[in-house]
Number of protein chains: 2
Amino acid sequence: MNTTAALSYVHGYSEHEARRLGDQADTLAALLHAGTAFPAGSRVLEAGCGIGAQTVHLVRSSPGARLVAVDVSGTSLAQARARVEAESPGADVEWHRADLLDPPFADGTFDHLFVCFVLEHLRDPQAALAALRRVLRPGGTITVIEGDHGSAFFHPDSAYARATIAHQVWLQSAAGGDALIGRRLQPLLAAAGYEEVTVRPRTVYADRTRPALAEGFIRNTFTAMVEAVRADALAAGLTTRADFDRGIADLHRTAEDDGAFHYTFFKGQAINPIP
Amino acid sequence: MNTTAALSYVHGYSEHEARRLGDQADTLAALLHAGTAFPAGSRVLEAGCGIGAQTVHLVRSSPGARLVAVDVSGTSLAQARARVEAESPGADVEWHRADLLDPPFADGTFDHLFVCFVLEHLRDPQAALAALRRVLRPGGTITVIEGDHGSAFFHPDSAYARATIAHQVWLQSAAGGDALIGRRLQPLLAAAGYEEVTVRPRTVYADRTRPALAEGFIRNTFTAMVEAVRADALAAGLTTRADFDRGIADLHRTAEDDGAFHYTFFKGQAINPIP
């Protein structure tokens, strides 16, 4: 949920948006953070912490780690700091405003890097991964999590819903990002010089037997995220009010009792090779 | 891999096709059959056994079960029988040629039903599920496995590859089937009168770190299946030779070292309610 200053941020920075990102992280935390815990005393960099939606989970899962969180937005950093202080008073986190392409740390400063929902917003994610690798010690690990909107399919199927998602993908692409980045995490990490790159899907599947997920993910996370680009999609002339709104209605429809929804996140892990 | 006599079978019945279906089952067996084992002595109906690609795995996983396998095609049944006799000599399987919409068994004959890659070919899958429920004892279980071609996405992305897949989906639909059926297994089973319906995705993700899956699934299963409709797609005027072949080439491209491929199967389980 971050970007370099050069880019406009497709999700925007409104208060409503901040709450949505928080809800999203809570719904998905178990799925995405499973298996991620850094040892006590290890130096961990969260690159692109945004409003701290993932930071609070890192603090909980790795209570003894020495966490440094950076983001390009001072506003987001302040929100992240407030959030962590509210949820985990006294947590030991160091905050820095920084560009991921030029992280202000000495070579090999960190034992672990954590990068979640960040690369999707960058014009050159491979360059960012390479720049981050410089501040990771040889033998240290990187953990990367991204979504892929091309993984969204649902019942009832709807051409309107698919078009509305496509507008979000188009706008993110026009802003220099890539909402379909999950599928290429493995080659991206390899091309940025990491080794032992392992990427695995983490799938959200919701139907009537999982009402909390239908509510928390289909409605309040995914559909809300797509709906957030309504004004931009109309301003760009991609669609009409009626068509866009029908797409949103059809996405909500998939959360009803006879609906179903599928979405895949990708989680990658890799190491910085020892020369 | 079956259908009612009323439908043409999108995969065809050639020897090459039979080998492909066998390869597919072997590559995917661990993923799809995990968790499926029927108790010794229980009466199990495999509805739509086709050429026995799944039957051999049922025989191995549930050695003591009393398996009855039915299919609408006598030719497929003969192949299935030969296959099981070759791979598991002496296995106790009873073979019947039968229409799934009118299974020739008394009410409540079976303790368990197993239906894999069958519903996708039927004009009325809900009616088939309901007809099968009649021969399942109250309290007995059904296990259903289906794919969903809308779950296929890959790197490098390719409009040609997507179009070529869409032609396969279109042809299957024109033949009365539904290559996107996986996403609606849950509502289908519920509408057919089953209870405690639980559906979960079983995801195939392949990249350079999984070369056997790239070869066995991307190339020899999925791409081969799409390629098998080439003549029909050309005859139907859906595409040109050049465009279709470029789509196939682009699918193969995703199996190379910097590629990646995602596909989701869905596995459902449910019970026949006790009145």
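The values are calculated or read from the model by the stated rules, or taken from the named source; none is laboratory data. What you see is a predicted model; the values in this text were computed from it and never measured. Cβ: placed from backbone, ideal geometry, glycine included. Neighbour counts: every protein chain shown. These accessible areas exclude ligands, DNA and RNA; they are computed on the full protein's heavy atoms, side chains included. Shrake-Rupley method; radii C 1.70, N 1.55, O 1.52, S 1.80 Å.
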Query raised in the report: For segment B:106-126, which residues satisfy the criterion of being assigned to a loop (DSSP other than H, G, I, E, B) and not small (G, A, S)?
Result: B:D107, B:T109, B:F117, B:V118, B:L122, B:R123, B:D124
Report task. Return the residue satisfying two criteria in turn: it lies in segment A:176-197 and is under 16 Å from A:E146 (Cβ atoms) and small (G, A, S), and of such residues it is farthest from the other protein chains (Cβ to nearest Cβ). Result -> A:G176
Query raised in the report: Would you call B:G50 surrounded by fewer than 22 Cβ atoms within 10 Å (Cβ to Cβ) and either touching a Ser or Thr at 6+ places or on another chain (Cβ under 9 Å) or over 25 Å from B:D124 (Cβ atoms) (or both)?
Result: no
Query raised in the report: Got a number for residues in segment A:240-275 being at the interface with chain B (Cβ under 10 Å from one of its Cβ atoms), open to solvent by less than 50 Å² (accessible area, probe 1.4 Å) and over 21 Å from the mean Cα position of the chain (by Cα)?
Result: 3
Query - Residue among B:R202, B:R208, B:R219, B:R230 that is open to solvent by 10 Å² or more (accessible area, probe 1.4 Å) and facing chain A (nearest Cβ under 9 Å) - result: B:R208
Requested in this report: Go through segment B:38-57 and give me each residue that's assigned to a loop (DSSP other than H, G, I, E, B) and over 12 Å from B:A91 (Cβ atoms).
Outcome: B:F38, B:P39, B:A40, B:G41, B:S42, B:G48, B:C49, B:G50, B:I51, B:A53, B:Q54
Query raised in the report: Which of the following residues is among the polar types (S, T, N, Q) and not in a helix (DSSP H, G or I): A:T203, A:T164?
Result: A:T203
Query raised in the report: What is the residue count in segment B:158-191 for residues that are farther than 22 Å from A:Y263 by Cβ, within 19 Å of the chain's Cα centre (by Cα) and open to solvent by less than 10 Å² (accessible area, probe 1.4 Å)?
Result: 2
Query raised in the report: In this structure, is B:L129 more than 13 Å from chain A (Cβ to nearest Cβ), assigned to a helix (DSSP H, G or I) and either crowded, with 24+ Cβ neighbours inside 10 Å or out of contact with any Ser or Thr (no Cβ under 9 Å at 6 or more places or on another chain) (or both)?
Result: yes
Query raised in the report: List pairs: first in segment B:135-161 and within 14 Å of chain A (Cβ to nearest Cβ) and hydroxyl-bearing (S, T, Y), second assigned to a loop (DSSP other than H, G, I, E, B) and surrounded by fewer than 23 Cβ atoms within 10 Å (Cβ to Cβ), Cβ under 9 Å, 6+ apart or cross-chain?
Result: B:S151/B:L180
Query raised in the report: Does A:D243 meet the test of being within 25 Å of B:H149 (Cα to Cα) and of a type outside the set (V, I, T)?
Result: no
Query - Count of segment B:77-95 residues which are open to solvent by 40 Å² or more (accessible area, probe 1.4 Å) and either in contact with a Lys or Arg (Cβ under 7 Å, 6 or more places away or on another chain) or closer than 24 Å to B:A175 by Cβ (or both) - result: 4
